[in-house]
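Worksheet for the structure shown next.
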Amino acid sequence: MSEFTDRFTDVVAPVIAFDNGVEMAEARGAWLTDAAGKRYLDFGTGISVTNCGHNHPRIVAAAHEQLDKVWHGGGTFRYDSYVSAAEQLVSVAPEPIDMFFFMNSGAEAVEAAVKLARHTTGRQGVVVFRGGFHGRTMGSVSYTTSSVKYRTGYHPLLPSVFVTPFPHPYRQGLTEEEATERALHELRAMLRHVVAPEDIACFLIEPVQGEGGYYPAPASFLRELREVADRYGILLIADEIQTGFGRTGTWWGIDNYDITPDIITIGKAIANGLPLSAIGSSKDLFGKWPPGVHGTTFGGNAVACAAAVEVVNVVNEALPTVPALSEQAFAGLRSVQANHPTVGDVRGLGLMIGVELVDGDGRPDSAALEFVRTHLLETGMIFHPCGPDHNIIRFIPPLVISPEDLDHGIGLIDDALTAWEGRS
Ligand SMILES: Cc1ncc(COP(=O)(O)O)c(C=O)c1O
């Protein structure tokens, strides 16, 4: 154990489970450097936070400039970066979103979105989709079903939260159409047997399930949710905390589909690493949520908002390059899959790609994932796993990665799988 690890474990609560023990000293673009000077290609981006690459010079400059002006207003006075960040977000928001409210974290945004839905509909029911991840606070963990580990030991959770299946074709051994039909059948049954649609305030869904295993929602599934929502006055909340900011090749995950949300939750990449989150909705809906019924001390911090203004510019510039990078990534990873029986599935959208590792019987293989992860740490690459069985590589490089670094990373994954399959 290094001296750093000793200091860490002495004073930091073990509950915060860092993915690796590396002491990072510096970060630039797609690369990290540890305290010993070793470099790592970062394909984890802090789980889709540093979409613009670490320490992007223009975002750093925007934050620096704001640091010398005003840091904090916290519900007591107004400042320009707050309004500018909201204007920037409105300029790229999906229809009909034209207003924002800022907070600090993703979970806080999810909590606020559900409060907005409950307050404005006067209903209590929240429908969530099995495998979804929406945060770890008491409210948001009640909506999180990506893994029981987040829920165990915390019951009772919030009442009137109804969990219904999300289509997971690969794991279910079904086609996308079959998995979708099965999930819709369960939804319809739930509305007949368990909760009346008139008691439901909102559907809360990730356009691509993240923590739950990198499963894009089938288009026909979202379409039917939208139809049911419209029929019964239910609000559709798209949790864009991981799928936003260009991650899926479009500004928002929902832009890949032909439906619109009533509310979006955003966080993670919004300020490229400074703590900031938001919910977006229409003026009409926000107009029904009176001043003071919800609030925050730190939300919309002036420095984080200044960074967010520049993040929108950088993502706008990077976005046109994402389809080609995505194509390159899918082609590379599919050829890795062709060479390695350990790779059961490669799926996703844009640069949000899941690489699922399986054993000889097609079962989730967390031992393979741990081996690959350790091997990649040695050869200089970082990624974060996902999925309830801890067997899926999240392939989420920064949007500004070079094609050469992208190929280099895929090559390192290929080498790690060769080592796993050749182990004695
Ligand atoms: C889709 C989604 N929703 C909500 C959250 C919670 O965000 P936070 O960890 O910032 O509370 C996360 C990430 O952890 C997420 O990926």
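What follows is calculated from the coordinates using simple rules that are stated; it is not laboratory data. Everything quoted here is computed from the prediction, not taken from an experiment. Backbone-built Cβ (ideal geometry, glycine too); neighbour counts: all protein chains shown.
The figures follow:
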item: For C202, distant residues with modelled amide H under 5 Å away; result: V127, L235
item: J(HN,Hα) series, the range 384-391, from Karplus relation 6.51 cos²θ - 1.76 cosθ + 1.60, nearest Hz, glycine and proline x; result: 10, x, 8, x, x, 9, 6, 10
item: Paramagnetic reach from T175 (point 7 Å along Cα→Cβ, amide N under 20 Å) across the range 311-350; result: 345-348
item: Sequence-distant residues sharing a close amide H with L174 (under 5 Å, placed H); result: none
item: Highest-MSF residue in the chain out of G233, G153, G409 [GNM, Cα springs under 10 Å]; result: G153
item: Cβ-derived FRET efficiency at R0 25 Å, N55 paired with N313, nearest 0.05; result: 0.95
item: Loop sites in the range 174-240: trypsin sites (Lys or Arg not before Pro), DSSP, at most 10 other Cβ within 10 Å; result: none
item: Against the rule of thumb 2.2 N^0.38 Å, how large the Cα Rg of the range 57-317 comes out; result: 1.00
item: Unit Cα scatterers, Debye sum, the range 81-209: log10 I(q)/I(0) for q = 0.17, 0.21 Å⁻¹; result: -1.03, -1.29
item: Vicinal HN-Hα couplings computed from phi for the range 260-271 (Karplus, 6.51 cos²θ - 1.76 cosθ + 1.60; Hz; Gly/Pro x); result: 10, x, 8, 9, 10, 10, 9, x, 6, 6, 4, 10
item: The range 129-279, relative contact order in percent, only Cα pairs under 8 angstrom and at least six apart counted; result: 18
item: Relative contact order (%) - the chain, alpha-carbon pairs under 8 angstrom, separation at least six; result: 23
item: Computed lengthening from S402 to D361, 0.36 nm per intervening residue step minus Cα-Cα distance; result: 11.1 nm
item: Cleavage-rule hits (chymotrypsin sites (Phe, Trp or Tyr not before Pro)) in the range 269-337: DSSP loop, at most 10 neighbouring Cβ within 10 angstrom; result: none
item: Cα centre as origin, Lys/Arg/Asp/Glu Cβ charges: the chain dipole, Debye; result: 1080
item: Low-density loop positions, chymotrypsin sites (Phe, Trp or Tyr not before Pro), the range 1-55 - DSSP coil, at most 16 other Cβ in 10 Å; result: F18
item: Rotationally averaged projected area of the range 8-123 (alpha carbon convex hull; nm²); result: 11.4
item: Extreme residue, positive dipole direction of the range 57-317, given options S282, A61, S140 (C-beta unit charges); result: S140
item: Computed [θ] at 222 nm, helices only, for the chain once each DSSP H run of length n ≥ 4 contributes -39500 (n - 2.57); result: -12000 deg cm²/dmol
item: Charge dipole (the range 313-424, unit charges on Cβ, about Cα centre) - positive-most of I410, L376, S326; result: S326
item: Amide H contacts under 5 Å for S282, placed H, 5+ residues apart; result: D98
item: For the range 158-163, Karplus couplings with θ = phi - 60° (6.51, -1.76, 1.60), whole Hz, Gly/Pro x; result: 5, x, 6, 10, 10, 9
item: Separation in nanometres of the label points that stand 7 Å from Cα toward Cβ, at H119 and A17; result: 3.5
item: Fewest-first sequence of D10, D258, D80, D414 by Cβ atoms within 10 Å of each Cβ; result: D10, D258, D80, D414
item: Bridge type composition, the chain - antiparallel percent by DSSP, nearest 5; result: 65
item: The range 133-218: C-alpha gyration tensor shape, a/c 1.5 cut-off, then a/b vs b/c; result: oblate
item: Residue-span extension gain [M24 to F8] - 0.36 nm each, minus C-alpha spacing; result: 4.4 nm
item: Exposure proxy ranking, count of Cβ atoms within 10 Å, fewest first, for V161, V208; result: V161, V208
